[in-house]
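Take a look at the structure set out below.
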Amino acid sequence: MASFQINKNCEGCGLCAAMTNNEDICLYYKDGYLQAQYIQHNANLPKIVCALDVEPKLNLVIDRYVAYHKQLDRRMDGSAGGVYGALLETVVKEGYYFTGTVFDANFKVHHVVTNDPEQIKLFSGFKPVQSDCSLIFPKIKDLLGNGEKVLFCGTSMQCHALNLYVGDNDNLIVVENIMTAPVSQKMLDCYVQEKNAEYGGNIVDLRFCNKEFACLNSKRFTLSSGRVFYTKENDDFDVLTNDGKFTKKLVSRDRFKSLDERIGDISIGQYLPEKTWTDKLGYSYLSINTEKGKALFQKAKKRMVIVKSNDEINVKQIHKAYHSYFGIDYTLLDKKDLKTIVKESHKLGILEKIKNELRFWKWLFEHVKRISQLHPSALYKFIKYNFFTKGVETDYRNHGLIFVAPYSELSIDKGAEIELHGPLEIGVKRVRSSKLETRLWMKPQSKILVHEKCMFGYGSNIEVYKGGLLEVGNLFSNAELTIICGKHIKLGNTVNIAKGCTVRDTNGHMVAVQGFKQLRPVEIGNHTWVCSNSTIMPGVKLGDGVIVGSNSYVSKSVKGFTLVQGNPAVELGNPQYFRI
């Protein structure tokens, strides 16, 4: 067995392994990136060379595929199409050890080697920072030395370093991850800290490329309290990690850029959906580069759906099929938050400001046109309630305006308030010619607060009584929604309510029964789905990720990520993912 010693010349973890009698490789991490030094001894004067300068053994690609896992949960868990899970499910049945990456409690990414099939789920999902795999290299070498079979998955450089470290071995299968440039650990640390402050808790699980929304940069945050929050669009983290003004290129090797020669037995990357593909649940690009990789793929492909192969594949759809490393200007991260850095690094010139202004007014005109259908009465109400109604607080730069469709009636009493930080759309029609009336009725000292967006479909009846607060994060509702708010109804982010539903926090009348409460607040959590003709009664709290089946009557609170249905509603299951 190889002996290990500390290399006094390295500045990181000090992992040095004797490869032969006269050669060492030293792996360490600096600024969050794997650094590798190849130590060549000559007349007792070691020459330290970056491992990337040691010419890798590259393999000509044999076959290419675009595929995804047959199991929907594997596909939803994975960062692309879940095919790495299919490879792991295959090798675990043949007694292999295998590797994957996990976040630790501080959101640092580590490689783990195991033969426990329960770990496969934990290894899924995209991690934007490069993992620390240095500690498992000696473990892999020991396993191979004891005759065990191992499947390793890592970046191009990690695969190259492992090949240098252990040499050729028939019991080792290397799966190379074709990935975008990783961001620094400090960038991720700042992001997590800012989200902790925003959500008022501690994030314990973070999912990048979340598949519950058809958006590449959607993320899912789970707090220690059990609350779950989502982002759907690009945020400051995404802007900065793709911003040449903020990042500087450290290392880029053309040897890892070609799609025709790869270092692993199998290479896996993300394949972006083409225009005709509508599900957007993730697709994996695979290249088979060795006979060993081909043999594994032939066994694993029964767990996959093959979408395209070889010449059918559009290489432009392979997501950033190159390997490079970027560093972050740490001094900015020490002094400023991400939002401030975005603003300062994206200062616009006069021409850009004019273009942005024109884009805003174009969006506003098209939005008004689509919802109002340019109906004179609807246009009049748009102007009246946004610019001439006391108590309506608009925020037009964040699209915080009231948009009114034809056949919508608004009765806003003196003393009522509407506070908008995003659009409030009233009476939005699917059937444009429909005359189904939408009604919004607000009594004195009542309030509607919109944080992101609120859309009431046509035929809805919204009543906010005196002293009532209707608080909306991001709501999409279909036709004929009824909301009766006497005290406080709170709707979270990405709440979807189907046709003919009722949400109420008051029974409207006093009843002389012991313990009866006329007003009991209602809260509907983030990413919830209330299906058609269902009723949510006073005092109910729906946790994050709840699905209420059609024609249900919910009179008791429901814990997060639960499917309920019936009259009265009963629990039917616990789906962890769903897309509305």
**Report entry** Theoretical FRET efficiency, 1/(1+(r/R0)^6), r = Cβ-Cβ of residue 550 and residue 104, R0 35 Å, to 0.05
**Finding:** 0.25
Requested in this report: Might you tell me the accessible area per residue for segment 334-447, computed with a 1.4 Å probe and given in Å²?
Outcome: 62
Query raised in the report: Within the accessible area of segment 453-556, what % is carbon and sulfur when the probe is 1.4 Å and the other protein chains stay in place?
Result: 50
Query - With all protein chains modelled, accessible area of residue 439 [1.4 Å, Å²] - result: 100
Report summary line: Taking protein heavy atoms only, a 1.4 Å probe, and rounding to whole percent, the accessible area of segment 107-192 owed to carbon and sulfur comes out at 49
Query raised in the report: Where does each of 370-379, 80-89 land if you order them by average Cβ count within 10 Å, highest first?
Result: 80-89, 370-379
Query raised in the report: Residue separation times 0.36 nm, minus the C-alpha to C-alpha distance between residue 430 and residue 148: what's the value?
Result: 95.4 nm
Report task. For segment 65-130, just say rounded, prolate or oblate: build the C-alpha gyration tensor, square-root its eigenvalues into a ≥ b ≥ c, call rounded for a/c under 1.5, and beyond that prolate if a/b exceeds b/c, oblate if not. Result -> oblate
Query raised in the report: Separation between the residue 312 and residue 73 pseudo-spin-labels, each 7 Å from Cα along Cα→Cβ, expressed in nm?
Result: 2.9
Query raised in the report: So what's the gap between the Cα centers of segment 422-470 and segment 514-580, to the nearest angstrom?
Result: 21
Query raised in the report: About its Cα centre, what dipole magnitude does segment 320-451 give when the only charges are +1 on Lys and Arg Cβ and -1 on Asp and Glu Cβ, stated in debye to the nearest 20?
Result: 460
Query raised in the report: Once both labels are modelled 7 Å past Cα along the beta-carbon direction, what's the residue 411-residue 571 spacing in nm?
Result: 4.3
Query raised in the report: Using +1 on the beta carbon of Lys and Arg, -1 on that of Asp and Glu, and nothing else charged, what's the dipole of segment 87-182 about the Cα centre, debye to 20?
Result: 220
Query raised in the report: Taking square-rooted eigenvalues a ≥ b ≥ c of the alpha carbon gyration tensor, is segment 269-399 rounded, prolate or oblate, where a/c under 1.5 means rounded and, failing that, a/b exceeding b/c means prolate?
Result: oblate
Report summary line: Taking r as the C-beta separation of residue 170 and residue 205 and R0 as 41 Å, the FRET efficiency to the nearest 0.05 is 0.60
Query raised in the report: Listed highest first by mean packing, meaning other Cβ atoms within 10 Å per residue, what order do 70-79, 543-552 come in?
Result: 543-552, 70-79
Query raised in the report: What does the accessible area per residue of segment 130-215 come to in Å², with a 1.4 Å probe and no ligands, DNA or RNA counted?
Result: 33
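The values are calculated or read from the model by the stated rules, or taken from the named source; none is laboratory data. Quantities reported herein were computed from a predicted structural model and do not represent experimental measurements. Note that each Cβ is placed from the backbone with ideal geometry, even for glycine, and that neighbours are counted across all protein chains shown. Surface areas here come from the heavy atoms of the whole protein model, side chains and all, with no ligands, DNA or RNA. Shrake-Rupley method; radii C 1.70, N 1.55, O 1.52, S 1.80 Å.
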